[in-house]
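Report on the following structure.
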Amino acid sequence: MPKSKVGSSGQRSGCNGYDQKRLERKHWISLVNTGTEHAMKDTGFTIVGLGEVLWDVFPDGPRFGGAPANFASTCKQLAGDRADVYVLSAVGRDALGDAALRELFRLSVRTELVQRNERETGQVLVELDSQGKASYRFIEYPAWDELTWTDTARTLASQTDAVCFGTLAQRSQISRQTIEKFLDLCPEECWKVLDLNLRFPYFTEECIVASLKRANALKLNEDELPVVAEILQISGSEREMLEKLQAKFGYRFVALTQGAKGSAVQTDRWTEQPANPVTIQDTVGAGDAFTAALVLGALLQQPWDSVQCWATDVAGYVASQSGATPALPNELCLPQ
């Protein structure tokens, strides 16, 4: 893959135009099909979105969402038959709960572990600024605040290859305990990816630190990094702070999304990727889509600069569409 040096301290991956990105993606996908050491295992992967399911209520109506559900839905679209993808969450016994299950079924996400209870299905009121950036206001006491532990969750945890979780669904003690049990029972080789998803005032320093310790990979955005840095009392440039986070917790990767500025990923080296020039409809779900592509690339053991390029394409496409889980074009997805 062509690269250009950025000073003496890092590398910026290529992919500086749509045609180039498509060529890079075709090369990346070819590794999956040639039976090389990086090919996906024959049985496929088991991937879990762990946490909230909700409806994003926009001015023009509700749309399906919730970071773990967005992550799972995008993983399934990208992987197709190459992965079984589950959501472990809870919805209410109401019309929006019925609609959430139908939407997950439509997206081919497994729903056996989506619980139902007497609380309302989660909703968040979404407001968009002039650049399409979203702000959120959540209803109180949603169904996913009562996520209970089950034997089926125990079984799934033992079989999981990658799980993505955040802090929002841990705001209640019962849901937090369920999430922690699930993570603790995942196999040692499982990718346990923390996507912080900080939503004021629904997080605590204690929850953030405990989640950082349970994860073995981390994704956060440019607004969340200063919060984590203050809690852990780390300082420096963005690169230095990500390196310190990786060193402190032993993360397999630390990914930082920076909106229109692009992204940076710290693995055994540092890579940067500019954002694609797209017309943004809204940013809801773009970060979750980025995480989904990163996780699939990690499971496939692909070169990180190629994975980051792919994740940028996927996130950019989602941002150019309305809603968090738009239908993805075939050229962004793994061949079946």
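The values are calculated or read from the model by the stated rules, or taken from the named source; none is laboratory data. The structure displayed is predicted, hence computed values, not measured ones. Cβ atoms come from the backbone with ideal geometry, glycine included; neighbour counts cover every protein chain shown. Areas reflect the complete protein model, heavy atoms only, side chains present, ligands, DNA and RNA absent. Shrake-Rupley method; radii C 1.70, N 1.55, O 1.52, S 1.80 Å.
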Extreme residue, most open to solvent (accessible area, probe 1.4 Å), among residues of region 280-290 that are farther than 15 Å from L332 by Cβ and touching a strand residue (DSSP E or B) at 6+ places or on another chain (Cβ under 7 Å): T283
Subset of region 83-96 [over 16 Å from the mean Cα position of the chain (by Cα) and closer than 14 Å to G65 by Cβ]: V91, L96
Residues of region 189-219 classified as over 14 Å from R252 (Cα atoms) and either part of a loop (DSSP other than H, G, I, E, B) or not charged (D, E, K, R) (or both), total: 14
Candidates A298, A319, A324, filtered to the one that is surrounded by 24 or more Cβ atoms within 10 Å (Cβ to Cβ) and either out of contact with any Lys or Arg (no Cβ under 7 Å at 6 or more places or on another chain) or under 27 Å from R269 (Cα atoms) (or both): A319
Matching residues in region 45-90 - criterion: being of a type in the set (K, R) and surrounded by 24 or more Cβ atoms within 10 Å (Cβ to Cβ): K76
Some residue of region 232-239 being assigned to a helix (DSSP H, G or I), farther than 21 Å from G297 by Cβ, among the hydrophobic types (A, V, I, L, M, F, W, C) and within 18 Å of the chain's Cα centre (by Cα): no
Residue count, region 75-100 (criterion: in a strand (DSSP E or B) and within 23 Å of A289 (Cβ to Cβ)): 8
Qualifying residue in region 237-250 (condition: closer than 26 Å to T325 by Cβ and open to solvent by 10 Å² or more (accessible area, probe 1.4 Å)): no
Pairs where the first residue, in region 191-209, is of a type in the set (S, T, N, Q) and the second is part of a helix (DSSP H, G or I), C-beta under 8 Å, 6+ apart: N197/A67; N197/L168
